[in-house]
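Here's the structure, in structure tokens; my notes come after.
The values are calculated or read from the model by the stated rules, or taken from the named source; none is laboratory data. Computed from a predicted model, the values in this text were never measured in an experiment. When we count neighbours, we look across all protein chains shown, and the Cβ atoms used for this are built from the backbone with ideal geometry, even at glycine. Only protein heavy atoms, including side chains, enter the accessible area calculation; ligands, DNA and RNA are left aside. Shrake-Rupley method; radii C 1.70, N 1.55, O 1.52, S 1.80 Å.
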Amino acid sequence: MIPIKIKKDEGYVKVYFEIDGTPAWAYEYHEDQDYNNDSNSGRPANHTLGEPFELIKSHHSWKIMLVNPSDHKIKVDVKLIWKQVVQGTNKEIQTWIKKSIEIEVNGGEKLSDSGMIIKV
């Protein structure tokens, strides 16, 4: 578990998933409500959690599923970044990184972790 420090008197908190190396991915993000997204949806790999006063639960968890549909082993880089709108600008407040995950031919990997929102 990691601490995710947000400013309680600032703007929206957002999460951004950076997934490079595979065209087939999905993620689940759990907090006050559940967010599900995948590469087939056509949506970007990010979403807004809300303003600090809207975030009720302190515990947040995520699961990232990666698939290798190709005929050769691949390396996939994964990063999860929290940003908050501070004085009108998206400011990075925390990063969770897993890099260079090797995925076998027609295989898959699941990464998961959790964090606790701390309002400062």
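Rounded to the nearest 10 square angstrom, K98 shows an accessible area of 80 square angstrom against a 1.4 Å probe.
Could you check how much of the accessible area of the chain is carbon and sulfur, as a whole percent, using a 1.4 Å probe? Intermediate results must be reported in sequence, preceding the final value.
On the way: 3060 of 6700 Å².
On the chain, the fraction of accessible area on carbon and sulfur atoms equals 46 percent.
Multiplying the sequence separation of T95 and I118 by 0.36 nm and subtracting their Cα-Cα distance, what value in nm do you get?
Values: separation 23, 0.36 × 23 = 8.28 nm, distance 1.46 nm.
Length gained between T95 and I118: 6.8 nm.
Summarising the label geometry, the points placed 7 Å from Cα in the beta-carbon direction at K57 and N36 lie 1.5 nm from one another.
Over the stretch 15-57, one equal point on each Cα, no solvent: what is log10 I(q)/I(0) by the Debye formula at q = 0.20, 0.32 Å⁻¹? At q = 0.20, 0.32 Å⁻¹ the computed log10 ratios are -0.67, -1.26.
In summary, the aspartates and glutamates within cross-link reach of K119, defined as a Cα separation below 17 angstrom excluding same-chain residues under 8 places away, comprise D9, E10, E31, D32, E51, E54, E92.
Suppose a student asked you for the relative contact order of the chain, using Cα pairs under 8 Å spaced at least 6 residues apart; what percent would you report?
Result for the chain is 38 percent.
Taking the square roots of 5 times each eigenvalue of the Cα gyration tensor of the stretch 57-98, largest first, gives ellipsoid semi-axes of 30, 14, 8 Å. Mean silhouette area of the stretch 39-120, derived from the convex hull of its C-alpha atoms and averaged over all directions, reads 6.7 nm².
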